[in-house]
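The values are calculated or read from the model by the stated rules, or taken from the named source; none is laboratory data. These figures come from a predicted structure and were not determined experimentally. Note: ideal-geometry Cβ built from the backbone for every residue, glycine included; neighbour counts use all protein chains shown.
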C-alpha cells in the first residue's frame, strides 16, 4: 500500500524583538546556540478519504480529494487519502474520526474489511458519503442502511433547483432556501426520509428525469449503529469541487460525522430537539410563494398567503413534539394557522391565531400546543379574510413525549432480499407488496433494532398456499425471534393481519424468512413493529 498523503496546518512563528544594546547582543552570541523552528499544530481530528472504484470511475475524484485536503488545511484537520482497501483494519481506522467515501463504486471491501468498518462505526466513527457512494456495495445490507439509500438511475447532467429543508445545520446554514446548480441528479431505489434527517431535496419540476415524485431527498444524515452518517448525492462534476458553496456543504458534513459540531443529524430520528425550519423551505405547498424581506431570518419568508393556501414540511415530525412556535408578520388581514399531521388534510393537531403586526417587516412569535401526530410531516394550513393574510418566516418544534412504541415499515422497502419481488396490488398500502414469495425466500431490513422488539404484525394476502414467516435477528440465519402462520385469504387483494410475540435480541437487522408448500405462498404488504420504551 502506498503511503497516505498527510496535510497539516502550520503554525506561524513569532520573531523575537532585537536586543536593545550591543552588550546584550554579544552576550547572546556567547550563549549556547539554539535553533527555534515553527511546529506543526496538531490537527483537531483526522479524516480518511477513500475513493476506490470497482465500477464506473468519476473523473472528478482527484478534484474532490484535492478540495478535501484544502478544507483540512484551512480548517485544522488532517486528511489522508487512499484507494487501498487494505487500509480498512481495526487498528488503522482507529486513528480517524471520519471516513469519506468519495464516489466509490461497486464492491470495494472484502468480508474482513467490511467487519472492520462496521466495528469502526459501532465504536463511534463517522461516515460521509459523496455522490456514487450510494452506487457501492449492493450486497452488503449494513452499508445500504448506513448510506441511507442505494442509487437507482440518473438523467443527463443538467441544471436543477435544490430545496434546502434545514437551514440551521452546519452543512447547509450558508445556503439559500432554493439553490440552483448543475450536477448529475441521482434517483434512489427507496425514499430514505423515514430513516434519516433530510437536509436538501430536489425539485423535480425544475429538471427532466426525476423519478421520485414530490419528495426527492438528496442530502441527509442520521445516527447509525453507534456512529454518525452523512450523505449527499451531489458532486459528480469537477466544477462542483471549485464551488465554495458546495465545498462548504462537504465541510459541514465532515465536521458533523467527526463529532466536531452539534447537529440535528446526531439526534435520534423522530426527535425534533427544538428543530427550526425556514418557512420558505417547504417540501410541498399550494398557493404560497417565496417573499423577500430584509428583517426575515435568511432574508425570505413563505409569503403571498391567501385563504386556503398551505405549506408542508416533511422534515418535521409532530409525533414527538409538544409545541410549535411560528415567526410571522402581517400588514394584511391576519388569520389562523392550522397544524396537521402527515398531509394538509391530515389530523388537526392544533391551531393558532396570527395577529396583524402592522408591517411585512414587523415580526412576532405565535405558539400553539400540539396533540401527538400520527405520521411524519407537519403541514400548515392558512385561513382568514380576503387578500394577503400574513407571512411565515420560520417554525420551531419543541420536543414532548417519547417516540411511539410502534412503527410500520412497507415490506417492499427491504434493504436486502432473496427471491422476492415487488408486486402491484390495488388493495395494498402504497399500492405494492413484497410478492412472488416461494418457500425459502426472505427479505431483510438492515437498520432495524431488534434489542427492544416484542411483537410483530404482518399485513398479508394469499391466493396461494399460505405458510409461515420466521423472524430472525442480524441475518436470515441469525437468532430466531418468533414465527407467525400466514393463512390463505382467498385473493391477492384480500388482506388480513397476523401477529406474534417475539423475543428481543440485541442486534441490528430484522429478517423475515418464508416457508410453506409449493408455488407462491403469500404477499406481505407491511410489518408493524412494537418495541418497549
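Only one of these conditions is not met by residue 462: (1) surrounded by 22 or more Cβ atoms within 10 Å (Cβ to Cβ); (2) within 16 Å of residue 520 (Cβ to Cβ); (3) in contact with a strand residue (DSSP E or B) (Cβ under 6 Å, 6 or more places away or on another chain). Which number is it?
(3)
Would you be able to tell me the number of residues in segment 242-295 that are in a helix (DSSP H, G or I), at pLDDT below 95 and either within 30 Å of residue 387 (Cβ to Cβ) or in contact with a strand residue (DSSP E or B) (Cβ under 6 Å, 6 or more places away or on another chain) (or both)?
So the count comes out to 5.
The conditions are (1) closer than 30 Å to residue 475 by Cβ; (2) in a strand (DSSP E or B); (3) at pLDDT 90 or above, and residue 437 fails exactly one of them. Which is it?
Result: residue 437 passes all but (2).
State whether the residues of segment 421-439 include one that is touching a helix residue (DSSP H, G or I) at 6+ places or on another chain (Cβ under 7 Å), buried (at least 22 other Cβ atoms within 10 Å of the Cβ) and within 27 Å of residue 146 (Cα to Cα).
Yes, that holds for at least one residue.
Would you check which residues across segment 296-305 are in a loop (DSSP other than H, G, I, E, B) and under 15 Å from residue 327 (Cβ atoms) and list them?
296, 305
Identify all residues within segment 441-462 that are part of a loop (DSSP other than H, G, I, E, B) and modelled with pLDDT of 95 or more; write none if there are none.
Within segment 441-462, 441 is the sole residue that qualifies.
Please count how many residues of segment 90-113 are farther than 16 Å from residue 146 by Cβ, over 23 Å from the mean Cα position of the chain (by Cα) and surrounded by 15 or more Cβ atoms within 10 Å (Cβ to Cβ).
Residues flagged as farther than 16 Å from residue 146 by Cβ, over 23 Å from the mean Cα position of the chain (by Cα) and surrounded by 15 or more Cβ atoms within 10 Å (Cβ to Cβ) within segment 90-113 amount to 1.
With the requirement that a residue be under 27 Å from residue 238 (Cβ atoms) and either part of a loop (DSSP other than H, G, I, E, B) or outside the structural domain of residue 127 (by TED's automatic domain parsing) (or both), what does segment 89-110 give you?
Those that are under 27 Å from residue 238 (Cβ atoms) and either part of a loop (DSSP other than H, G, I, E, B) or outside the structural domain of residue 127 (by TED's automatic domain parsing) (or both): 96, 103, 104, 107, 108, 109.
When you go through 413, 365 one by one, which is the residue that is modelled with pLDDT under 95 and out of contact with any strand residue (DSSP E or B) (no Cβ under 7 Å at 6 or more places or on another chain)?
Answer to the check: 413.
Looking at 159, 113 in this structure, which one is in contact (Cβ under 8 Å) with a residue 24 or more places away in the chain and outside any strand (DSSP E or B)?
Being in contact (Cβ under 8 Å) with a residue 24 or more places away in the chain and outside any strand (DSSP E or B) holds for just one of 159, 113, which is 113.
Out of the residues in segment 61-78 meeting the condition of being in contact with a helix residue (DSSP H, G or I) (Cβ under 7 Å, 6 or more places away or on another chain) and farther than 24 Å from residue 107 by Cα, tell me which one is surrounded by the fewest Cβ atoms within 10 Å (Cβ to Cβ).
So, considering only residues that are in contact with a helix residue (DSSP H, G or I) (Cβ under 7 Å, 6 or more places away or on another chain) and farther than 24 Å from residue 107 by Cα, the one surrounded by the fewest Cβ atoms within 10 Å (Cβ to Cβ) is 75.
Does residue 194 count as under 22 Å from residue 285 (Cβ atoms) and part of a helix (DSSP H, G or I)?
The answer is yes for residue 194.
Just a yes or no: is a residue in segment 325-338 in contact (Cβ under 8 Å) with a residue 12 or more places away in the chain, crowded, with 22+ Cβ neighbours inside 10 Å, in a helix (DSSP H, G or I) and within 30 Å of the chain's Cα centre (by Cα)?
Among the residues of segment 325-338, not one is in contact (Cβ under 8 Å) with a residue 12 or more places away in the chain, crowded, with 22+ Cβ neighbours inside 10 Å, in a helix (DSSP H, G or I) and within 30 Å of the chain's Cα centre (by Cα), which makes the answer no.
Could you check segment 368-410 and list, in sequence order, the residues that are assigned to a loop (DSSP other than H, G, I, E, B), farther than 30 Å from residue 449 by Cα and at pLDDT below 95?
384, 385, 386, 387, 388
So, of the residues in segment 518-533 that are modelled with pLDDT under 90 and touching a strand residue (DSSP E or B) at 6+ places or on another chain (Cβ under 7 Å), which turns out to be surrounded by the fewest Cβ atoms within 10 Å (Cβ to Cβ)?
Filtering first and then ranking leaves 532.
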